[in-house]
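Working notes for the structure below.
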Amino acid sequence: MQATRRHLVIGTAASLALPRLAFAQAFPAQPIKYICPWPAGGSTDAVMRALAESAGKVLGQKVIVENKPGAGGMLGANELVNARPDGYTLAQLPHGVFRIPHMQKVAFDTLKDFTWIACLTGYTFGLVVPADSPVRSIKDLVDYAKANPGKFSYGSTGIGTSPHLAVEEFAQRAGVKLNHVPFKGNADNMQAVLGGHTMAASDATGWAPHVEAGKLRLLATYGSKRTKRWPNVSTLDELGYKTVSDSPFGVCGPKGMDPAVVKTLHDAFKKTLEDPAVLSTFDKFDQSVIYLDTEAYTKWARETFEAEKATIQRLGMAKTG
């Protein structure tokens, strides 16, 4: 009788474990949401859609990009905090998640609330002005700003974003005061500078088609070296302003994810970096492959959070109280 009861208990426990095992093996069993915290039509949106389509083919399920623009790119992070850690809600976490918590209160803990699945690429940022602008170089900009403190206006994709802080760092090193105008994303920022509502735009390479068409002039880029497409355009760093920004990003999830699910997602998104369609989209926006696996991406996140704290303090933008 005792042996029979013991076998019954063991059998019941095994049967209860089977659904969990089947679930783990079956992932993904439904479409996956990949949150883009920027508006549709911008460079990040285009890159993420290419990544999503490619990863979906590897995973055998659709990866659906959902746009949640605003708040300096923080809405994806806010959603991950409240999402189930089942692998069906992912997001791009932009560089602002390392900076904005040092500037203001946020709804998440950058180092505790996320799973850093894989880093995939990074931006080329630059400063553009209308083609008919009298400002034809960074020197012209600095000269104008010194003669007209606070009057030179530039748009960015939001307060605390890389396009914002890179220009603020440059301005601090140049000893000038500029007028920052934040937008929800690349598309709005471009419309403003093209329409003459702002004097310049700091952004990722959503400005590239307009530069190619002769509507905008590229004054400088922010990388550690010049771009392949605009080899004659200097970087802010080589102009002597010690400003470098490329903001690597990839795919992240909520904290507490099953390691097996993380590995499945990591492997699928890593595979996208071999897809000609993805690499072609990277090239279109002058983005390079910046790959980090889960462990390396997590380590990089910790180090970057501390580095950005120092930058925010140096710029005098740290929150008080």
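Every read-out reported here was derived from the displayed coordinates using simple, explicitly stated rules and does not represent laboratory data. Only a predicted model underlies this, so the values are computations on that prediction, with no experimental measurement involved. When we count neighbours, we look across all protein chains shown, and the Cβ atoms used for this are built from the backbone with ideal geometry, even at glycine.
Near Pro231, within a Cβ-to-Cβ distance under 13 Å, what is the net charge of the other residues, with Lys and Arg +1 and Asp and Glu -1? Taking every other residue near Pro231 into account, the sum is +2. Just so you know, the Cα atoms of region 125-241 work out to an Rg and Dmax of 12.7, 34 Å.
Think of each Lys and Arg Cβ as +1 and each Asp and Glu Cβ as -1; about the Cα centre, that makes the dipole of region 172-286 roughly 320 debye.
Put the Cα centre of region 256-321 next to the Cα centre of region 204-223 and the gap is 24 Å.
Helical content of the chain, expressed as a calculated mean residue ellipticity at 222 nm, amounts to -13500 deg cm²/dmol (DSSP H runs of 4 or more residues, -39,500 (n - 2.57) each, divided by residue number, nearest 500).
If only the Cβ of Lys and Arg carry +1 and only the Cβ of Asp and Glu carry -1, the dipole of region 125-241 around its Cα centre is close to 160 debye. Remark: relative contact order (the chain) = 26 percent; criterion is Cα-Cα distance under 8 angstrom and separation of 6 or more residues.
DSSP bridge analysis restricted to the chain gives an antiparallel fraction near 55%, rounded to the nearest 5. If one takes the longest principal axis of the Cα atoms in the chain, at what angle in degrees, from 0 to 90 and to the nearest 10, does the Cα axis of helix 162-174 lie? Once rounded, the angle reads 40 degrees. For region 125-241, the relative contact order comes to 35 percent (Cα pairs under 8 Å, sequence separation of at least 6). Separation of the alpha carbons by more than 22 angstrom is noted, of Lys151/Lys225; Lys62/Lys270; Lys112/Lys184, for Lys151/Lys225; Lys112/Lys184.
Taking a sphere under 12 Å around the Cβ of Ile64 and counting the other residues whose Cβ falls inside, with K and R at +1 and D and E at -1, yields a net charge of +1.
Comparing Thr89, Thr311, Thr157 in a Gaussian network model of the chain, where Cα atoms under 10 Å apart are tied by springs, the biggest mean-square fluctuation is seen for Thr311. Here region 98-257 carries DSSP beta bridges of which approximately 70% are antiparallel, counting only pairs with both residues inside. Close amide H pairs (under 5 Å, H built 1.01 Å from N) link Glu66 with Tyr34, Ile35, Cys36, residues at least 5 positions away or on another chain. Protection proxy ranking for 222-231, 202-211, using the average of other Cβ atoms within 10 Å per residue and placing the highest first: 202-211, 222-231.
Listed by chain and number, the aspartates and glutamates whose C-alpha is less than 19 Å from the C-alpha of Lys309, apart from same-chain residues fewer than 8 away, are Asp109, Asp113, Glu168, Glu169, Asp246. Across region 27-138, the mean sequence separation of Cα contacts (distance under 8 Å, 6 or more residues apart), normalised by length, yields a relative contact order of 26 percent. Considering only Gly196, Gly96, Gly126, the Gaussian network model of the chain with Cα springs below 10 Å gives its largest mean-square fluctuation to Gly196.
Normalised size of the chain, defined as Cα radius of gyration per 2.2 N^0.38 Å with N residues, equals 1.14. Straight Cα distances below 17 angstrom link Lys228 to the lysines Lys284, with same-chain residues fewer than 8 positions distant left out.
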